[in-house]
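A short worksheet on the structure shown next.
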Amino acid sequence: MSRYGAPRILRAVRAQDVHVGKHRIARVMRTEGLRARVPQAFVCTTDSRHADPIAQNLLARRFAITDHPVSNRAWVGDMTYIPTRSGWLYLAVLIDLASWLVIGWATSASMATALPLRALQQAVARRPPSAGLLQHTFKSGQHASAEYLTALAQQQVRQSMSRKGDCRDNAVAESSLRRSNTNSSRTPCCIRITTPRWP
């Protein structure tokens with residue numbers, strides 16, 4: 001009933017033969033600081049309809065820490081949106097599969113290429129990558145852009161991308177961002193990212 005407002009609560013209690021008025025329910029809800037939760041609009045953060053080159057899926061769902069015993073050999077990245085009182089806030093992260101630590105992140109009011117690029121720059125500054133490091137993301141236009149590819153080439157990073165419409169190809173980043181989005185929706189005035197662990 002977390003999404004219920006006074007009209008739906010009224011229907012629910014009357015179905016149980018409880019006689020109460022809608023205005024009383026509304027007054028009690030105001031007194032207790034309760035209000036209906038409005039479903040959040042869906043925001044697409046992965047637009048694969050672009051003409052930029054798409055990398056092969058080189059990671060092939062090898063997400064286990066045992067598959068990556070050494071740091072800076074495989075990173076996964078993703079973007080999500082967070083509802084705030086002043087509008088959507090977009091978040092990009094990069095996670096090292098050797099530890100499942102977030103090593104680079106950035107936020108912005110825009111989903112332009114600059115967002116994941118800043119996350120990449122932060123990750124590179126914190127963990128200078130080894131030559132041949134594999135970075136896996138969704139096949140978004142931001143990650144396939146010439147600017148982003150140039151940044152990867154400068155660091156000798158190989159690119160890997162998920163297949164279209166298969167979230168399991170990027171399960172680590174997808175699940176961690178889903179949890180952060182769920183946590184933040186409960187407290188829209190702040191951002192709480194609880195997993196993976198932060199360095």
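Things worth noting here:
- Each listed q (0.27 Å⁻¹) maps to a log10 I(q)/I(0) for the range 116-163 from the Debye sum over equal C-alpha point scatterers, namely -1.12.
- With a simple spin-label model that places each label point 7 Å from the Cα along the Cα-to-Cβ direction, the separation between ALA153 and ALA114 comes to 2.3 nm.
- Loop sites in the range 75-150: trypsin sites (Lys or Arg not before Pro), DSSP, at most 12 other Cβ within 10 Å: ARG85
Every number in this text was worked out from the coordinates using simple rules, so none of it is lab data. Keep in mind that this is a model prediction, so the values were computed, not measured. Don't worry about glycine lacking a Cβ; one is built from the backbone with ideal geometry, like all the others, and counts go over all protein chains shown.
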